[in-house]
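J.: Below is one structure. I have some questions about it.
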Amino acid sequence: MAVERWETAAADFLLAWTSRNDVIGAMLCGSYITGNPSRRSDVDIHLILSEDAENRERGNLVRGGLMIEYFLNPAQQIRAYFRQDFEARSTMSMVQFATGRIVYDPTGVTNALKAEAKQWLAKEREGLSGAELELAKYAVWDDMDNVLDSFEQRKPDYPFVCQQAMMRLFQTYSRFLQLASTPHHHVLAYLKDPRYLGKYLAPPFPDEEFARKMVRLIQDNDPYRQVQEYEQLVQHVLREMGGFDPNGWHLRTPLSL
């Protein structure tokens, strides 16, 4: 089997690192491993440092005409990333380790981290409830009101206002459905391209009607159709979240002094 250019670049980069006593593991991650890299894709490399490491490092280097993005961390720091990402509703660190290719692991620590990443990905997240849910519904409605106002007044920033509101709508509904957060530049692929689910170990979006309408909304550049489709999508989300009527809406919560 022919060796790819990126593999040669990664091997060249790793040669110096894996000979060091404080490096106890190495893993290749990203699109060159999971598939469909673009010409702008870099080669992601995680290097695991021994537990007595006092610093972490992240950097970029060009090898063989390709950008290598490298990360140096001890295992305890990577475990902290797993926990922090979970709390932030991100899957970035976990997906990298769960899908990565181990290339150096004399102590077994890299394989252990890979298994732990999969366990974190399987953990269930909390959705919205109580005051959080009510505030989320109000925010969705308020965003819609601002979008409609911007459209009706033909404000020059209407496209920006609408795009921002669309993204917040998607993220709020995702949280309500107990899904991880999705980066804005991944939303269309997540909802439209089945390959994305395997590449990022993501579950299918559970509301097929929402997904279909959101895809159409993202791709529609006609402002008249867009604003109508956006308003319909907001009403769909508010119904799924239990309904919302701004007339008489109120929320009483304890002081936070």
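J.: Counting other C-beta atoms within 10 Å, and keeping those with at most 14, which DSSP coil chymotrypsin sites (Phe, Trp or Tyr not before Pro) do you find in the stretch 205-254?
T.: Trp249
J.: If you roll a 1.4 angstrom probe over the protein chains with everything in place, what fraction of the accessible area of the stretch 1-116 belongs to carbon and sulfur, to the nearest %?
T.: Whole-percent figure for carbon plus sulfur exposure: 48.
J.: Roughly how many percent of the accessible protein surface of the stretch 146-257 is carbon and sulfur, given a 1.4 Å probe and a whole-percent answer?
T.: Details: 3600 of 7010 Å².
On the stretch 146-257, the fraction of accessible area on carbon and sulfur atoms equals 51 percent.
J.: Using just the Cα positions, wrap the stretch 72-147 in a convex hull and report its mean projected area in square nanometres, one decimal place. Could the numbers behind the result be given before it?
T.: Numbers: hull surface 29.1 nm².
Taking a quarter of the hull surface, the average projection is 7.3 nm².
J.: Name the trypsin sites (Lys or Arg not before Pro) in the stretch 27-108 that are in a loop by DSSP and that have at most 11 other C-beta atoms within 10 Å, would you?
T.: When the trypsin sites (Lys or Arg not before Pro) of the stretch 27-108 are filtered for loop state and at most 11 Cβ neighbours within 10 Å, Arg39, Arg40 remain.
J.: If you split all Cα-Cα distances of the chain into 10 Å bins from zero, what percentages do you get per bin, shortest first?
T.: Over the chain, the share of Cα pairs per 10 Å bin runs 6, 25, 26, 20, 15, 6, 1 percent.
J.: Another question, then. Residue-wise, which Karplus ³J(HN,Hα) couplings in Hz belong to the stretch 87-92, taking 6.51 cos²θ - 1.76 cosθ + 1.60, θ = phi - 60°, and x for glycine or proline?
T.: 5, 8, 6, 10, 10, 4
J.: Given Cβ point charges of +1 (Lys, Arg) and -1 (Asp, Glu) and nothing else, what value in debye, to the nearest 20, does the dipole of the chain about its Cα centre take?
T.: Using only the charged Cβ atoms, the result is roughly 500 debye.
J.: Okay, moving on. Of all the C-alpha pairs in the stretch 4-66, what % are more than 16 Å from each other?
T.: The share of Cα pairs beyond 16 Å in the stretch 4-66 comes to 48 percent.
J.: Restricting to DSSP H runs of at least four residues, report the calculated mean residue ellipticity at 222 nm for the chain, -39500 (n - 2.57) per run over all residues, nearest 500 deg cm²/dmol.
T.: That comes out to -16500 deg cm²/dmol.
J.: Find the accessible area per residue for the stretch 22-78; the probe is 1.4 Å, ligands and nucleic acids are left out, and the unit is Å². List each step's numbers first, then the result.
T.: Numbers: 2830 Å² over 57 residues.
About 50 Å² of surface per residue is accessible.
The values are calculated or read from the model by the stated rules, or taken from the named source; none is laboratory data. Everything numeric in this text was worked out from a predicted model, so none of it was measured. Virtual Cβ from ideal backbone geometry, glycine too; neighbours counted across all protein chains shown. These accessible areas exclude ligands, DNA and RNA; they are computed on the full protein's heavy atoms, side chains included. Shrake-Rupley method; radii C 1.70, N 1.55, O 1.52, S 1.80 Å.
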